[in-house]
Amino acid sequence: MYEPHRSKTGRTTNLASCIVATVFLLFLAAEIVVVYFILFKPKDPKIAVDAVQFPTFSVANGTVDFTFLQYVTVSNPNRDAFTHYDSPLQLAYSDAPVGFIFILQ
């Protein structure tokens, strides 16, 4: 029986095709990752203080007593939902903490 002789050019052509296809797929995957991080990059919410009020304020015997109202607008530039949880507020005088309050939602 006669078997046809395979040349090395056929094997190198197949190997070159596989290498080109692999490089193309890696390049395509890198492009997809870059586009994902550019388009879907999370952005910080925009927080603006609309008004600050002190409806009650009194000083007696070296003690300060006041009510603090702050009106805030929060806008979310992301497509995903924005959730705000309870947060603390600290009052400082000359870089020393003098008051602390926990803000509930």
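Just so you know, all these numbers are worked out from the coordinates, no wet-lab data involved. Just so we're clear, the structure is a prediction, and the values are computed from it rather than from any experiment. Cβ atoms come from the backbone with ideal geometry, glycine included; neighbour counts cover every protein chain shown.
Quick one: if the Förster radius is 41 Å, what FRET efficiency do Ile32 and Tyr85 give, using the C-beta to C-beta distance and rounding to 0.05?
For R0 = 41 Å, the calculated efficiency reads 0.75.
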Report summary line: Between the modelled labels at Ser58 and Val74 (7 Å from Cα along Cα→Cβ) the distance in nm is 3.3 nm
Query raised in the report: So what are the ³J(HN,Hα) numbers for the range 63-72, from phi and the Karplus equation (6.51, -1.76, 1.60; θ = phi - 60°), rounded to whole Hz, Gly and Pro as x?
Result: 10, 9, 10, 8, 10, 10, 10, 10, 9, 10
